[in-house]
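First up is the structure itself, then whatever we jot down about it.
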Amino acid sequence: MPTIELVNVTKTFNEGKVLAVDNISVRIEHGEYVFLIGPTGCGKTTTLRMIAGLEEPTKGKVLIDGKDVKGIPPEDRDMGFIFQHFEIFDHLTVWENVTFGLEMRGYDDDHIVKEAEKALKTVDLLQYADEYPSIFGNPGLQKLGIARAIATGAKILIMDEPLGSLDPKVSKVFRHELRNLVKDLGLTAIHVTHNQEESMAIADKIIIMRGGKLLQMGSPYELYENPNNIFVANFLGETNFLQGFVLKLFENEDMKINIRLGGPELNIYNFGKKFSLNDNIIIAFRYEDVYLFPEDYNFKSSQYDWSKMQLFVAILEVSRFVGATKRFYLLLDNGDKFVSVKPGNFEESFTSGQKLVIGIHQDDIHVFKAPKDILYELSLS
Amino acid sequence: MVNIELKNVTKTFRKFTALEDISIEIRDKEYFIILGPTGAGKTTLLKLIAGLHKPDSGNIFFDGKDVTNKTAGERNIGFMFENYALFPHMNIVENVSYSGRVHARDPQTTATLVNQVLMMTLLTGRNDAYPEELSGGMKQRVALCRSLLNLEQTKLLILDEPLKALDAGLRMSLRRELRLMAKSKELELTIIHVTNDEQEAMMVADRIAVIDQGRIVQVGTPHEIYYHPKNLFVAYFMSEINHFIGICTKSEKPTWDIFSKSKQSDKLYSEIQEDSVPLPINIGFDATFAGYLNKSLYDEIEHGEKVLLVVRANHMKIRLGNRVYDKKNAILGKILRRKFMGVFYRFEVLIKIKQQEKVIIVTIPATYEIHKTFFENSEVTIYFPKELGIIFKHPGEDVITEVLKLE
């Protein structure tokens with residue numbers, strides 16, 4: 001039952017001049033499918049390499065099943081590796097590619113045949129056993145890579161951009177297959193990517209890194225619903241950010257604050273975060289959490305509890321059909337813009353330039369103190 | 001005015017046919033997308049239009065004039081290709097405003113325009129950086145800015161995967177800015193833009209040409225391509241789909257009134273009913289589904305013939321147990337997997353047709369509270385409005401396998 005733990009791990013290069021990973025602690029449970037994501041240079045690959053044994057931490061410990069693995073080389077860590085560029089041996093057949101690793105480990109013939117057959121069957125490649133890998137396109141090569149990794153019986157899969165070389169359309173189909181396979185085999189998987197959408201689609205748990213630091217860790221749902229900083233809110237999914245300031249504080253009422261945006265005033269219940277009067281703040285809300293009503297909508301006619309819905313007026317600039325969704329681009333009095341996304345079959349007869357009533361549920365609004373450099377926070381690098 | 005027409009254009013490289021018998025028309029001030037998978041011939045098509053390749057046969061017309069034998073320079077088009085070709089000795093502003101010098105535009109106008117495009121692409125603040133100091137995504141944005149300004153006479157811009165190297169967030173916002181820019185009163189551009197991203201295509205295009213294996217499969221508005229795909233490939237390329245193979249039961253009296261309108265009064269559905277006809281198909285011993293078939297195909301398909309029914313994953317609906325009021329186009333199943341994907345929940349549902357198990361994909365918006373009542377192993381009913389079932393002639397098992405990348 002492998003669990004993987006990083007305890008206060010730091011990694012520096014060039015005699016301490018480059019800080020690649022800055023004091024991170026992570027626990028990965030048995031059978032968990034974990035993603036390490038973040039912009040280029042955030043330290044995700046270095047972290048993966050330390051787990052794999054390809055780098056040693058400068059400080060801190062890597063524990064596998066509670067045991068410090070310092071000095072244990074990659075091949076003795078019970079891990080299978082899958083790479084972006086497959087690293088398949090062209091001069092060996094499909095069968096030989098899979099059995100190679102088993103032979104190197106000195107297993108007997110029966111074991112090798114049994115495990116290779118099982119692994120190739122799992123990825124549906126058994127019928128190609130005697131062919132050379134050159135008959136495959138990229139998806140086939142990556143399946144072979146997976147077969148090779150699981151044939152050794154490794155309980156941990158280490159993957160560095162495993163879908164990075166596939167055509168985007170193919171990768172969207174293949175990612176579900178990859179998750180299903182890992183879950184069905186009960187493996188613990190660690191997957192590095194820069195593709196946020198891919199991590200949302202596959203992960204049990206996502207670790208977001210930036211500048212060597214761990215920013216936030218949690219299930220896709222937790223990170224998506226409760227990002228704890230502006231970068232995370234922006235990195236996963238599509239989010240509106242509007243600037244405003246604290247207009248009033250209601251000390252007794254559940255930490256309620258009243259904020260002014262460019263035009264509208266909103267009442268927001270914040271969750272224990274401290275704000276002072278006139279603080280500059282950023283509010284964040286998802287595109288899909290923005291509800292749209294015509295100006296003459298009769299709010300009393302429905303049973304819905306409107307008290308928790310923040311309502312204000314905005315102008316519809318333009319809307320666009322994007323298949324599964326429709327996007328509405330909206331404008332506030334002060335020129336600030338935001339976006340609403342609705343399902344593609346959303347019925348409406350709004351026209352450009354029309355005034356609309358905007359509704360956002362207060363639980364869907366996140367309030368952050370305005371950072372010194374908002375452009376840095378919102379940049380994805 | 002820019003009106004571009006390709007008539008029966010074919011291009012081969014040695015024995016490989018890159019493009020076969022292409023005829024399309026791109027209208028003045030149109031945002032035209034060429035959409036297709038890797039290796040479909042998209043870039044070759046762009047290069048033919050730009051004059052960087054010559055067709056083996058067929059003709060290319062600009063505003064009615066045959067330019068087939070004209071060079072790229074003579075066609076006077078702005079283009080941006082995947083390798084950005086920035087001037088390494090010039091900083092961002094100099095690179096972007098270079099065209100101002102070439103076209104002898106007045107410096108004030110150039111400065112205003114340069115400022116505008118740099119703001120749009122979030123490059124302001126890095127004005128004096130040189131290309132070698134920039135990331136791939138930034139270089140791509142500089143190249144895009146430069147090509148936007150390098151348009152004096154033709155106002156025709158050709159873009160080959162202009163947003164490919166960008167991070168997800170920026171790519172999304174630039175799609176919209178690009179379209180706004182093209183449609184702005186100052187520029188009013190005609191744009192031909194190549195991409196393999198269907199979301200990007202629907203977001204920016206007035207019309208989309210879907211291309212596969214060197215042939216144009218369909219040309220239409222995003223709406224037409226999405227709701228009236230011409231074949232399985234187009235349907236599959238625009239979103240995740242489910243497919244069923246069934247027997248056309250045309251001449252039989254349908255067991256239920258398929259000609260009645262669905263409860264949904266959506267404009268969309270009435271539109272679909274205009275140019276298609278409903279058709280019940282038998283997908284198993286006891287299951288009949290109905291979908292819509294293009295009117296022009298109705299006579300080609302005979303009773304008892306195999307047909308293909310396609311339903312998009314996001315058009316499938318799902319309810320717990322057997323609670324669907326209207327039992328038509330519905331089938332019982334069990335949830336195998338449930339995954340939160342951000343905007344959507346994605347379900348894999350196991351159903352049985354003809355004693356064979358099949359996995360159906362259903363996606364529902366995460367903002368719909370109802371998803372909270374379904375879990376893995378829940379017994380559910382999945383169903384779809386017949387107007388959103390698309391029926392095709394059966395293209396053959398090998399075509400289905402190839403298109404859906406089942407191998």
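For segment A:364-373, filtered to residues that are over 22 Å from the mean Cα position of the chain (by Cα) and not in a strand (DSSP E or B), the residue that is surrounded by the fewest Cβ atoms within 10 Å (Cβ to Cβ) is A:LYS372. Among all positions in segment A:275-287, there is at least one residue which is facing chain B (nearest Cβ under 10 Å) and in a strand (DSSP E or B).
Considering only residues in segment A:118-139 that are within 16 Å of A:LEU181 (Cβ to Cβ) and modelled with pLDDT of 90 or more, the one that is farthest from the other protein chains (Cβ to nearest Cβ) turns out to be A:LYS118. Tell me, please, whether a residue that is in a helix (DSSP H, G or I), touching a residue at least 24 places away in the same chain (Cβ under 8 Å) and closer than 22 Å to A:ARG27 by Cα can be found in segment A:161-182. Yes, segment A:161-182 contains a residue that is in a helix (DSSP H, G or I), touching a residue at least 24 places away in the same chain (Cβ under 8 Å) and closer than 22 Å to A:ARG27 by Cα.
Need pairs with beta-carbon distance below 7 Å; first residue within 14 Å of B:LEU232 (Cα to Cα) and within segment B:382-407, second outside any helix (DSSP H, G or I) and aromatic (Phe, Trp, Tyr); sequence gap 6+ or separate chains. Filtered contacts from segment B:382-407: B:GLY389/B:PHE289; B:GLY389/B:TYR292; B:ILE390/B:TYR292; B:ILE391/B:TYR292. From the set of residues in segment A:326-355 that are hydrophobic (A, V, I, L, M, F, W, C) and more than 10 Å from chain B (Cβ to nearest Cβ), which is surrounded by the most Cβ atoms within 10 Å (Cβ to Cβ)? By that ranking, first place goes to A:PHE328.
Condition check for B:HIS193 on (1) surrounded by 20 or more Cβ atoms within 10 Å (Cβ to Cβ); (2) within 14 Å of another protein chain (Cβ to nearest Cβ): one failure, at (2).
Evaluating A:ILE358 against the criteria (1) away from chain B (no Cβ under 11 Å); (2) in contact with an Asp or Glu (Cβ under 9 Å, 6 or more places away or on another chain); (3) closer than 29 Å to B:ASN314 by Cα; (4) crowded, with 16+ Cβ neighbours inside 10 Å leaves one unmet condition, (2).
Considering only segment B:127-173, state which residues are more than 14 Å from chain A (Cβ to nearest Cβ), touching a residue at least 40 places away in the same chain (Cβ under 8 Å) and of a type in the set (D, E, K, R). Passing the criteria: B:GLU132, B:ARG146, B:GLU152, B:LYS155, B:ASP160.
Scanning segment A:310-325 for residues that are more than 13 Å from chain B (Cβ to nearest Cβ) and either under 27 Å from the mean Cα position of the chain (by Cα) or within 14 Å of A:LEU266 (Cβ to Cβ) (or both) turns up A:GLN310, A:LEU311, A:PHE312, A:VAL313, A:ALA314. Within segment A:190-244, being among the small types (Gly, Ala, Ser) and either farther than 28 Å from A:GLY53 by Cβ or surrounded by fewer than 24 Cβ atoms within 10 Å (Cβ to Cβ) (or both) holds for A:ALA201, A:GLY211, A:GLY212, A:GLY218, A:SER219, A:ALA233, A:GLY237, A:GLY244.
The values are calculated or read from the model by the stated rules, or taken from the named source; none is laboratory data. Here the structure is a predicted model, which means the values were calculated and not measured. Ideal geometry is used to build each Cβ from the backbone, glycine not excepted, and the neighbour counts take in all protein chains shown.
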